[in-house]
Amino acid sequence: MERAAKTKQVTDEELAVEVTSGSRAAFEELVCRYSPRLFHFLRHRLSTSQDIEDLIQETFLKVFRHIDRYNPEFKFSTWLYTVAIRLAISNYRSNKSKDNSSIPYHPPADPQEIVIRKDQSQKMWSCAESLHNKQYEALWLRYMEDMAVKEIALVMNKTQVQVRVLLHRARLNLGKKLNKSIRSTEVRCSESIKHKYSFL
């Protein structure tokens, strides 16, 4: 129990340094922390869940092999996502088919408030997945990974100005899609209610 609590207090950067010293436990902890996040980040680029899992494994394998190149003065997540996005781009070029319908979403368990909150987040990111790849990636890195514009620019190989423009357009487009989704839901609910009580 104490070991688990201690592991949670260790930063990603400290774990990465431990990996350079040969710690497999530290590497496994990084894999546990980032695998789910990478899955959601990469899901709009690949056609199946298996493809995503394969790319995640490839990402961590490359990170492990080249951990000596990591500079602990920078966030580990910035380096990790740079590796992942480059592999994803390479994969996307070789296989442009895109079908996210096969990727299952497993809603979290109780309590009910967590379920509702997760459901709302899922709907938002589902809408975000229909954005242009670059806009989705910029949003994810900014709001899910809490990266600064400068860090996002490094990951995406763009200027800070380009990242700011991407984020601005992504927020506008996402807002439009969410509003459209809400209006569509309201219409369906209204029609359902009318049908249900049409006998009155």
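Quick rundown of the values:
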item	result
Those residues of segment 12-44 which are surrounded by fewer than 15 Cβ atoms within 10 Å (Cβ to Cβ) and in contact (Cβ under 8 Å) with a residue 60 or more places away in the chain, in sequence order	none
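So that you can scan it fast, the table gives a plain yes or no per residue for (1) on the phi > 0 side of the Ramachandran plot; (2) at pLDDT 90 or above; (3) of a type outside the set (Phe, Trp, Tyr):
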site: Trp125; (1), (2), (3): no, no, no
site: Ala128; (1), (2), (3): no, no, yes
site: Leu131; (1), (2), (3): no, no, yes
site: Leu139; (1), (2), (3): no, no, yes
site: Leu154; (1), (2), (3): no, yes, yes
site: Val165; (1), (2), (3): no, yes, yes
site: His168; (1), (2), (3): no, yes, yes
site: Asn173; (1), (2), (3): no, no, yes
site: Ile182; (1), (2), (3): no, no, yes
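The values are calculated or read from the model by the stated rules, or taken from the named source; none is laboratory data. Predicted model only: the values in this text are computed from it and were never measured. Ideal geometry is used to build each Cβ from the backbone, glycine not excepted, and the neighbour counts take in all protein chains shown.
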